[in-house]
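The values are calculated or read from the model by the stated rules, or taken from the named source; none is laboratory data. Note that the structure is a prediction, hence the values are computed from the model and not measured. Note: ideal-geometry Cβ built from the backbone for every residue, glycine included; neighbour counts use all protein chains shown. When the accessible area is computed, the model is the full protein with side chains, heavy atoms only, and any ligands, DNA or RNA have been set aside. Shrake-Rupley method; radii C 1.70, N 1.55, O 1.52, S 1.80 Å.
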Amino acid sequence: MAVTSLRGEVSDLLSRLIRVDTTNPPGNETAAAELLRDYLEENGVECELYARVPERANLVARIRGSGGGPSLLLLSHTDVVLADPSEWSVPPFSGEVRDGEIWGRGALDMKSQVAASAVAIASLAREGFSPAGDLLFAATADEESGTGFGLEWLCEEHPDAVRCDYAVNEGAGDRLELAGGVYYLCSAAEKMSAPFRLRVHGRSGHASMPGIADNALVKAARLIERLAAYRPEPQLQPEVEGFLRTVLGEVPSPGSVLERARDVHPTAAEVVEPLLAMTLAPTIISASQKRNVIPALCEIVVDCRLLPGQHPAAVEPVVRAVLGGDVEYDLEWLEAHGGTRSPLDTPLWHAVEEFVAATEPGARAAPICVAGFTDSHWLREAFGTVAYGFFPLRTMPADVAAQLIHSADERVPVDDVELGVEWLRHAARTICS
Ligand SMILES: [Zn+2]
């Protein structure tokens, strides 16, 4: 190899990955999968491409275990979201290195982890790493749109390729300084995305004579206000309890959690708030197509996120109570994804704790639930995999990273990508040996 260090190796690989435009849609992830396959095969790692359509390949690579030990999958996705070059200070697919940071779409979400995972497995292979259980690497397509070309499809059509006992994916790794303590978040669960549509009916009429019609848009406004005013009863999930126990030293009563978290730091409250209950956010509305026609129908789409373990049928009475009985509407659930969790007392959790303690003396790992969702739920559902989201960012502040993901001028410090390689090598050695 021409490169002299893992740092240089991962930095170079990440820049090259960013230069492959995998904006989803359309994705075109095959180009990224082939780049990774060439890199991994040069390093002696066996690879296989799996593609539902030729241009959207998933790559799975593997160091075979000698038998008997648990398997670990280093999971990541190669697709990225749209980047509008006019908003960026550098071309978004340049992969430019500037002041110790690598710039470009996907630098954080999540080609940094793709590159770090690839370098972790490649470097272990070069060293002759001989695990007891399989060490796998999967760089999948179509996470951002989730239209059936990526991990969901792999779990259904090629389960033997991705079956694993443990997995490390995206989802957390943020470093928080709270009341003098340092914490690295590791996600072990995610909420369920369960959007629904409301249809409010009225009677159309000429807009110059509103009195003779029944305006569905005006009626819908009442429902929107009620959704916005919803203040749920807080409930404590195991991950939030674990977070509070780590940060506060105790678990306060559900009703006082936000206040106690706010006393520690506003960020602690921001992290916890969406995890205490179902959330309801109306995001799309449509009514009349004509300015002078009063709409007989108004449709509202509500982004609804449920706690792990909650299901649409069970929360529907709560939603209907929020909406009230005086406006007639139809409610239709559109889909339900995610909402899974992995236990916290596992060898992978201990590997995270060990790594955090070694990385920054005094720092501790704290569990969290992801308010959005990741591909981890496909593995948990298909194989009962213990899947965590953990890619530590020690150098880039968590609030800066949060603002850059899916946004302009996305970038990642080389220091953090290098740290990621160390973490994933540690995880592999700890779990598969
Ligand atoms: Zn992502």
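Just a few scattered comments:
- For segment 3-134, the square roots a ≥ b ≥ c of the C-alpha gyration tensor eigenvalues yield an a/c of 1.5 or more together with a/b not exceeding b/c, which makes the shape oblate.
- Note on segment 137-295: the C-alpha convex hull projects to 14.6 nm² when averaged across all orientations.
- Fraction of beta bridges assigned by DSSP in the chain that are antiparallel (%, nearest 5): 70 percent
- The lysines within cross-link reach of Lys111, meaning a Cα-to-Cα straight distance under 28 Å and a gap of 8 or more places when in the same chain, are Lys191.
- Amide H contacts of Val80 (H built 1.01 Å from N, under 5 Å, at least 5 apart or other chain): Thr22, Thr23, Asn24
- Near Pro295, once Lys and Arg are set to +1 and Asp and Glu to -1 for all other residues with Cβ below 13 Å from its Cβ, the sum equals +3.
- Percentage of interatomic Cα-Cα distances in segment 233-281 larger than 14 Å: 42 percent
- Solvent-accessible area, 1.4 Å probe, carbon plus sulfur percent, for the chain: 49 percent
- Order by protection proxy (mean Cβ within 10 Å, highest first), peptides 278-285, 167-174, 224-231: 167-174, 278-285, 224-231
- The shape of the chain comes out prolate: with a ≥ b ≥ c from the C-alpha gyration tensor, a/c is at least 1.5 and a/b beats b/c.
- Anisotropy class of segment 108-205 from Cα gyration tensor, a/c 1.5 cut: oblate
- Charge context of Cys186, other residues only, Cβ under 11 angstrom, K/R +1, D/E -1: -2
- The residues neighbouring Arg222, those whose beta-carbon lies less than 12 Å from its own, together hold a net charge of -1 under the Lys/Arg +1, Asp/Glu -1 convention.
- Candidate aspartates and glutamates - alpha carbon under 14 Å from Lys219, same-chain residues fewer than 8 apart omitted: Glu299, Asp326, Glu328, Asp330
- One Cα centroid belongs to segment 110-155, the other to segment 206-225; the line between them spans 53 Å.
- Relative contact order for segment 317-415: 24 percent, from Cα pairs under 8 Å spaced at least 6 residues apart, divided by residue count.
- Derived scalar couplings ³J(HN,Hα) [segment 118-130; Karplus, 6.51 cos²θ - 1.76 cosθ + 1.60; whole Hz; x for Gly, Pro]: 5, 5, 4, 6, 5, 5, 5, 4, 4, 7, x, 3, 10
- Computed from phi, the 3J(HN,Hα) profile of segment 142-157 under the Karplus parametrisation 6.51, -1.76, 1.60 (θ = phi - 60°) reads 6, 7, 5, 9, x, 10, x, 10, x, 5, 4, 5, 4, 5, 7, 8 Hz, with x in place of Gly and Pro.
- Candidates Cys186, Cys298, Cys164: whichever shows maximal mean-square fluctuation once the chain is modelled as a Gaussian network with Cα springs under 10 Å: Cys298
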